[in-house]
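Written out below as structure tokens is the structure these notes cover.
The values are calculated or read from the model by the stated rules, or taken from the named source; none is laboratory data. Please read all numbers here as calculations on a predicted model, not as lab measurements. FYI the Cβ positions are ideal-geometry reconstructions off the backbone, even for glycines, and counts take in every protein chain you see.
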Amino acid sequence: IRNEAYGILQREDTLKEIVKLLGPDALPDEEKLILEIARMIKIGLLQQNSFDDVDTYCSPEKQFKLLKLIVDFYKLGQQSLKEGTQLSAIRELSVVTSILKARMDVKDDEMPKLDKLETDMKEQFKNISGVKVTN
């Protein structure tokens with residue numbers, strides 16, 4: 001999972017160069033999704049607020065679950081795009097905001113909330129595209 005996230009962040013660097021030269025409209029939706037997921041990794045996982053009681057410290061278990069959640073979102077997003085769902089519909093899923101805020105909203109002793117977030121994410125993808133979700 002760590003390698004997948006690292007690969008997404010590396011790919012983002014390449015895509016940013018293309019966007020600088022040609023503009024964001026030059027990218028297909030699959031590559032725009034990579035940029036969105038990289039943003040989610042940076043904001044939802046790597047960025048830290050030392051003034052927030054919950055976000056000051058994050059257990060390795062919580063970090064792993066957050067990273068897995070974002071990588072799973074990416075995989076479901078890819079599958080959804082292949083099935084014809086618009087990228088805008090994926091970006092507008094309410095779970096995106098929930099994932100980005102989870103590092104501050106979910107305490108280390110509230111891991112079941114992240115499991116619920118994963119369930120909600122799968123359900124939302126199923127609703128927008130009929131993506132077959134496996135557990």
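Within the range 1-17, track down each residue that is in contact (Cβ under 8 Å) with a residue 12 or more places away in the chain and either in contact with a Pro (Cβ under 7 Å, 6 or more places away or on another chain) or not basic (Lys, Arg) (or both). Walk me through it before giving the result.
Taking the range 1-17 as the starting set, the residues that turn out to be in contact (Cβ under 8 Å) with a residue 12 or more places away in the chain are 1-2, 4-5, 8-9, 11-12, 15-16.
Matches in the range 1-17: ILE1, GLU4, ALA5, ILE8, LEU9, GLU12, LEU15.
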Worksheet item: Within the range 82-114, can you find the residues that are in contact (Cβ under 8 Å) with a residue 12 or more places away in the chain and farther than 17 Å from ASP55 by Cα?
Response: GLU83, GLY84, THR85, GLN86, LEU87, ALA89, ILE90, ARG91, LEU93, SER94, VAL95, VAL96
Item to complete: Quickly run through the range 34-68 and pick out the residues that are farther than 20 Å from ASP13 by Cα and not in a helix (DSSP H, G or I).
Response: GLN48, ASN49, SER50, PHE51, ASP52, ASP53, VAL54, ASP55, THR56, TYR57, CYS58, SER59
Discussion item. I'd like to know if the range 51-62 contains one or more residues that are at pLDDT 90 or above, out of contact with any strand residue (DSSP E or B) (no Cβ under 6 Å at 6 or more places or on another chain) and among the hydrophobic types (A, V, I, L, M, F, W, C).
Written reply: no
Worksheet item: Filtering the range 74-108 down to residues that are aliphatic (A, V, I, L, M) and within 13 Å of ILE34 (Cα to Cα), which residue is surrounded by the fewest Cβ atoms within 10 Å (Cβ to Cβ)?
Response: LEU87
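Considering only residues that are part of a helix (DSSP H, G or I) and charged (D, E, K, R), which ones fall in the range 69-115?
Filtering the range 69-115 down to residues part of a helix (DSSP H, G or I) leaves 69-82, 87-91, 94-105, 111-115.
ASP72, LYS75, LYS82, ARG91, LYS101, ARG103, ASP105, LYS113, ASP115, listed by residue number.
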Practice prompt. Being touching a Lys or Arg at 6+ places or on another chain (Cβ under 7 Å) and at pLDDT below 95 narrows it down to one of LEU45, LEU21, so name that one.
Written response: LEU45
Worksheet item: Quick check, is LEU35 under 11 Å from the mean Cα position of the chain (by Cα), buried (at least 19 other Cβ atoms within 10 Å of the Cβ) and under 30 Å from VAL19 (Cα atoms)?
Response: no
